[in-house]
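**Student:** Sharing a structure below in structure tokens format, with a few things to ask.
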Amino acid sequence: MQYFSVAEARDMPGLRLVLSAGVPGPWGEAAKAMLHARHVPFAAVAQEPMGANEALCEWTGCRNAPTAVYDDEPPLTTWFDILMLAERLGSGASLLPTASADRALCLGLIMEICGQDGFGWNRRLNMLAGVWGERATSEAAPHEQEYIRQYGLSPQAVARAPERAADVLKALTAQLHAQKAAGSDYFVGDRLSAVDLYWACFSQLVGPLSKDVNPIPDYVWTFYSAMPDVVAAALDPILFAHRDRIYARHIGLPLDY
Ligand SMILES: N[C@@H](CCC(=O)N[C@@H](CS)C(=O)NCC(=O)O)C(=O)O
């Protein structure tokens, strides 16, 4: 992936997408998958994972990734805003179902995968607990204090994270089994929607793709592969069968970040 710096990107026209350079951050990978599926070109801008990202903050008001900036419109930082941008700018089949009830199901499942207090959020708490351990977070540098606040790290949140992450996995598993029984390979209805892309990308947090198609740094591989027992126990093979299908049919491999 060719990355531009913030200084290079901020005056460019068109779509700029800020991404964590060198790692398959699932929020960023999912944003790329949305834009790819909707045939929307973008210039990638490098964010330093867990860094202070001062120039980025100054430009977008946000230190993490992904952030999408289209022409001189306000920066978009949430999964929903980026999905709706892909819908607005793109072409081809919509990533949202047509019927309202199906749309609500699709968006609700994505919320459970990548929204605040969803699967990704709680898996990140598992990982941050490993990074911070017993170390007092009051010793953290200012930008570390910022992500500790941003990602809701607290002893109480860490304690409930495994059950929450596992509960989302069980809900996704139940939905995929119900869909399979109805003859569909997809989470909602009988065609691709955004939730299929979101799950494929977020599945990395419990089952990173093999290194021949995924040039993942060893430390990230270790974070993504280690998990609490209750999360491991909630991994049904149907989750990975779906992931493999979606990468093969719709996202493409190898990963490039
Ligand atoms: N703003 C995004 C979430 C973005 C997010 O959580 N990004 C994380 C992915 S782990 C990130 O950038 N981490 C690296 C960092 O904080 O530097 C959303 O609401 O959809």
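**Student:** Please indicate, with yes or no, whether at least one residue in region 130-143 is in a loop (DSSP other than H, G, I, E, B), open to solvent by 10 Å² or more (accessible area, probe 1.4 Å) and of a type in the set (Asp, Glu).
**Tutor:** Yes: region 130-143 contains one or more residues that are in a loop (DSSP other than H, G, I, E, B), open to solvent by 10 Å² or more (accessible area, probe 1.4 Å) and of a type in the set (Asp, Glu).
**Student:** Please identify the pairs in which a residue from region 139-152 that is touching a residue at least 24 places away in the same chain (Cβ under 8 Å) and closer than 16 Å to LEU125 by Cβ has its Cβ atom under 6 Å from the Cβ atom of a residue that is near the ligand (Cβ under 10 Å from one of its atoms) and not hydrophobic (A, V, I, L, M, F, W, C), counting only partners at least 6 apart or on another chain.
**Tutor:** Pairs found: TYR151/ARG124.
**Student:** Okay, moving on. Scan CYS62, CYS114, CYS106 and give me the residue that is touching a Ser or Thr at 6+ places or on another chain (Cβ under 8 Å), closer than 18 Å to GLY152 by Cα and open to solvent by less than 60 Å² (accessible area, probe 1.4 Å).
**Tutor:** Step by step, each of CYS62, CYS114, CYS106 is checked, and only CYS62 is touching a Ser or Thr at 6+ places or on another chain (Cβ under 8 Å), closer than 18 Å to GLY152 by Cα and open to solvent by less than 60 Å² (accessible area, probe 1.4 Å).
**Student:** Quick test of your reading of the structure: LEU125 fulfils all but one of (1) closer than 23 Å to ARG63 by Cα; (2) open to solvent by less than 10 Å² (accessible area, probe 1.4 Å); (3) more than 14 Å from the ligand (Cβ to nearest atom). Name the failing condition by number.
**Tutor:** Against the list (1) closer than 23 Å to ARG63 by Cα; (2) open to solvent by less than 10 Å² (accessible area, probe 1.4 Å); (3) more than 14 Å from the ligand (Cβ to nearest atom), LEU125 comes up short only on (3).
**Student:** Any residue at all in region 33-51 that is surrounded by fewer than 23 Cβ atoms within 10 Å (Cβ to Cβ), within 14 Å of the ligand (Cβ to nearest atom) and touching a residue at least 60 places away in the same chain (Cβ under 8 Å)?
**Tutor:** yes
**Student:** Exactly one of (1) within 13 Å of the ligand (Cβ to nearest atom); (2) touching a Leu at 6+ places or on another chain (Cβ under 9 Å) is unmet by GLN145. Its number?
**Tutor:** Looking at each condition in turn, GLN145 falls short on (2).
**Student:** For region 182-190, state whether one or more residues are in contact (Cβ under 8 Å) with a residue 24 or more places away in the chain, outside any loop (DSSP other than H, G, I, E, B) and buried (at least 17 other Cβ atoms within 10 Å of the Cβ).
**Tutor:** no
**Student:** Of all residues in region 7-32, which are within 14 Å of the ligand (Cβ to nearest atom), of a type in the set (A, V, I, L, M) and touching an Asp or Glu at 6+ places or on another chain (Cβ under 9 Å)?
**Tutor:** Within region 7-32, LEU19, ALA21 qualify.
**Student:** Determine whether GLY108 is more than 11 Å from the ligand (Cβ to nearest atom), under 21 Å from ALA194 (Cα atoms) and without any contact (Cβ under 8 Å) to a residue 12 or more places away in the chain. First the steps, then the outcome.
**Tutor:** Details: more than 11 Å from the ligand (Cβ to nearest atom): yes; under 21 Å from ALA194 (Cα atoms): yes; without any contact (Cβ under 8 Å) to a residue 12 or more places away in the chain: yes.
So GLY108 passes the test.
**Student:** Looking at region 60-73, I want the residues that are within 17 Å of TYR198 (Cβ to Cβ) and assigned by TED's automatic domain parsing to the domain that holds ALA31 and have a partner that is more than 11 Å from the ligand (Cβ to nearest atom) and of a type in the set (Phe, Trp, Tyr) with Cβ atoms under 8 Å, at least 6 apart or on another chain. Which pairs are those?
**Tutor:** Listed pairs, sorted by first residue: ALA68/PHE42.
**Student:** Now, a different point. Determine whether region 85-92 contains at least one residue that is surrounded by 16 or more Cβ atoms within 10 Å (Cβ to Cβ) and within 15 Å of the ligand (Cβ to nearest atom).
**Tutor:** Initial filter on region 85-92 (surrounded by 16 or more Cβ atoms within 10 Å (Cβ to Cβ)): 85-86, 89-90.
Filter once more, keeping what is within 15 Å of the ligand (Cβ to nearest atom): 85-86.
Yes - at least one qualifying residue is present in region 85-92.
Conditions (1) free of Cβ contacts under 8 Å to residues at least 12 places away in the same chain; (2) crowded, with 16+ Cβ neighbours inside 10 Å; (3) touching a strand residue (DSSP E or B) at 6+ places or on another chain (Cβ under 6 Å), marked per residue:
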{"position": "ALA165", "(1), (2), (3)": "no, yes, no"}
{"position": "ALA174", "(1), (2), (3)": "yes, no, no"}
{"position": "LEU205", "(1), (2), (3)": "no, yes, no"}
{"position": "ILE216", "(1), (2), (3)": "no, yes, no"}
{"position": "TYR219", "(1), (2), (3)": "yes, no, no"}
{"position": "VAL230", "(1), (2), (3)": "no, no, no"}
{"position": "LEU235", "(1), (2), (3)": "no, yes, no"}
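The values are calculated or read from the model by the stated rules, or taken from the named source; none is laboratory data. Because the structure is predicted, anything quoted here is derived from the model rather than measured. Glycine also receives a Cβ, built like all others from the backbone with ideal geometry; neighbour counts cover every protein chain displayed. For the accessible areas, the whole protein counts, side chains as well, though only heavy atoms, and no ligand, DNA or RNA atoms are used. Shrake-Rupley method; radii C 1.70, N 1.55, O 1.52, S 1.80 Å.
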